[in-house]
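Trainee: Before we start, here is the structure in question, set down as structure tokens.
The values are calculated or read from the model by the stated rules, or taken from the named source; none is laboratory data. These numbers were taken from a predicted model, which means no experiment stands behind them. A quick note on method: Cβ atoms are made from the backbone with ideal geometry, for glycine too, and the neighbour counts reach across all protein chains shown.
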Amino acid sequence: MKFSTILQTRYEEIQEEHAAVKRGDDPRATIPTGLREFDKRAGHKRKILHLYGAATGEGKSIFKLQLMRAAAKAGYSVFVLDFEDPQERTADREFSNATGINNGNMQSADLTDRQIMQIGLAVGEADWADNIEVVAGVKHADEALELLQENVADLNLIDYLSALPHGKKGREQAISDFCWGVTKVCQESNVAAVAFSQLTSEVSDRGKRMFEMSKRNAQYKGGDGKALPCIEGFRPMDEGDLAWCRDAGKTAKELGFLFRPGRYYKRCDPGTSIKDDRMEVFWPKKNFGAEGKVTLGFDGPTARIYDLPTKGDT
């Protein structure tokens, strides 16, 4: 295809998008997350694969739920491949988000009559959930890709890549081939895909070594023994920190990581006064946007991720 044709085609798309805005439609090439600062920097773009790495328990499932809900509420169709999370746990987190009830109480059935009523009201108000199709359970890569092709949606969520079984050429190659297939679906169907990966154990080992080293240095220099040493070593920074997904990290056009600083302070120092109420999302690789970091509010018991106040908020 001649480049002049590409330019003309894109110009016509821009004209149509402009006309759609005037009509009150939403022609955006990005799928909103419902998070102000995140959408300013990122959003999730159509035609490409986005990949996020995070340690076990870091909040992948809550982040995934935020993306599902925000897109569905905005009228976008969503397809979710959930290889590990039981469907009832995802439902519990959504009920927590809607009602403020600790989702741990739902697992233990420790609920009052009033809380049961609140959950029932949340079900009745979740009409947006009809925009989301969920397929749960472990799938082989070929089967998972076929499901994505059959269920074309504006936003496709894959949680998580590291749970894909070994293929004939090994797990790393199976995941890499799957991600190439997902990218092809995105390009051919003009949709966005977001996949998640676990991290390797080396990330935790590296962080603990740096943490202990910083404590020793503080003591040697006569620093305040109660001062909290740095936790920078825990922060994953590139595709080499992804479990079984190094090649997938290269395939993805945008690679980000989820990190909760307070969680690591608490793990290293149970007596810390620092709260586990922040989630950092940062991108060492972003082909179509600015690399950097966004800090969000986080509340695990009620499965909430939210914007932090900025100057000018009242």
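Yes/no matrix, rows are residues, columns are (1) closer than 30 Å to Ser96 by Cβ; (2) in the same structural domain as Ala54 (by TED's automatic domain parsing); (3) part of a helix (DSSP H, G or I); (4) at pLDDT 80 or above:
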{"residue": "Tyr264", "(1), (2), (3), (4)": "yes, yes, yes, yes"}
{"residue": "Pro270", "(1), (2), (3), (4)": "yes, yes, no, yes"}
{"residue": "Ile274", "(1), (2), (3), (4)": "yes, yes, no, yes"}
{"residue": "Val294", "(1), (2), (3), (4)": "yes, yes, no, yes"}
{"residue": "Pro309", "(1), (2), (3), (4)": "yes, no, no, yes"}
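Trainee: Return the residues of segment 256-281 that are surrounded by fewer than 17 Cβ atoms within 10 Å (Cβ to Cβ) and aromatic (Phe, Trp, Tyr); say none if nothing qualifies.
Mentor: Within segment 256-281, none qualify.
Trainee: Hey, among the residues in segment 55-65 that are touching a helix residue (DSSP H, G or I) at 6+ places or on another chain (Cβ under 9 Å) and buried (at least 21 other Cβ atoms within 10 Å of the Cβ), which one's nearest to Ser204 (Cα to Cα)?
Mentor: Kept after step one, since they are touching a helix residue (DSSP H, G or I) at 6+ places or on another chain (Cβ under 9 Å), are these residues of segment 55-65: 55, 57-59, 61-62, 64-65.
Cutting the leftovers down to buried (at least 21 other Cβ atoms within 10 Å of the Cβ) gives us 55, 58-59, 62, 64-65.
On the way: Ala55: 9, Glu58: 12, Gly59: 16, Ile62: 21, Lys64: 23, Leu65: 25 Å.
Selected residue: Ala55.
Trainee: Answer yes or no: is there a residue in segment 232-250 that is assigned by TED's automatic domain parsing to the domain that holds Gly181, in contact with an Asp or Glu (Cβ under 8 Å, 6 or more places away or on another chain), over 25 Å from Thr30 (Cα atoms) and of a type in the set (A, V, I, L, M, F, W, C).
Mentor: Yes, segment 232-250 contains at least one residue that is assigned by TED's automatic domain parsing to the domain that holds Gly181, in contact with an Asp or Glu (Cβ under 8 Å, 6 or more places away or on another chain), over 25 Å from Thr30 (Cα atoms) and of a type in the set (A, V, I, L, M, F, W, C).
Trainee: Pairs only if they're at least six apart or on different chains, beta carbon under 8 angstrom, first in segment 53-78 and aromatic (Phe, Trp, Tyr), second in a helix (DSSP H, G or I); list them, first residue then second.
Mentor: Tyr76/Asn131
Trainee: Considering Lys275, Lys285, which residue is over 21 Å from Asp205 (Cβ atoms) and touching a residue at least 24 places away in the same chain (Cβ under 8 Å)? Steps first, answer last, please.
Mentor: Numbers: Lys275 fails: touching a residue at least 24 places away in the same chain (Cβ under 8 Å).
Checking each option against the conditions leaves just Lys285.
Trainee: Please identify the pairs in which a residue from segment 152-177 that is more than 13 Å from Ala243 (Cβ to Cβ) has its Cβ atom under 6 Å from the Cβ atom of a residue that is among the small types (Gly, Ala, Ser) and at pLDDT below 90, counting only partners at least 6 apart or on another chain.
Mentor: Ala174/Gly167
Trainee: I would also like to ask the following. Could you list, in sequence order, all residues of segment 1-52 that are of a type in the set (Gly, Ala, Ser), surrounded by 12 or more Cβ atoms within 10 Å (Cβ to Cβ) and either modelled with pLDDT of 70 or more or part of a helix (DSSP H, G or I) (or both)? Before the answer, list the steps.
Mentor: First pass over segment 1-52, keeping only residues of a type in the set (Gly, Ala, Ser): 4, 19-20, 24, 29, 34, 42-43.
Subset that is surrounded by 12 or more Cβ atoms within 10 Å (Cβ to Cβ): 20, 29, 34, 42-43.
Residues satisfying the conditions are Ala20, Ala29, Gly34, Gly43.
Trainee: I'd like the full set of residues that are surrounded by 15 or more Cβ atoms within 10 Å (Cβ to Cβ), part of a helix (DSSP H, G or I) and not hydroxyl-bearing (Ser, Thr, Tyr), limited to segment 90-115.
Mentor: Within segment 90-115, Ala91, Asp92, Arg93, Glu94, Phe95, Asn97, Ala98, Asn103, Asn105, Met106, Gln115 qualify.
Trainee: What's the number of the condition Asn102 fails, among (1) within 17 Å of Leu296 (Cβ to Cβ); (2) modelled with pLDDT of 85 or more?
Mentor: Failing condition for Asn102: (1).
Trainee: Then there is this: Quick one: count up the residues across segment 116-170 that are in a helix (DSSP H, G or I) and within 22 Å of the chain's Cα centre (by Cα). Give the derivation first.
Mentor: Of the residues in segment 116-170, the ones in a helix (DSSP H, G or I) are 116-125, 127-131, 141-150, 161-163.
This time we only want the ones that are within 22 Å of the chain's Cα centre (by Cα), so: 128-131, 141, 144-145, 147-149, 161-163.
Matching residues across segment 116-170 total 13.
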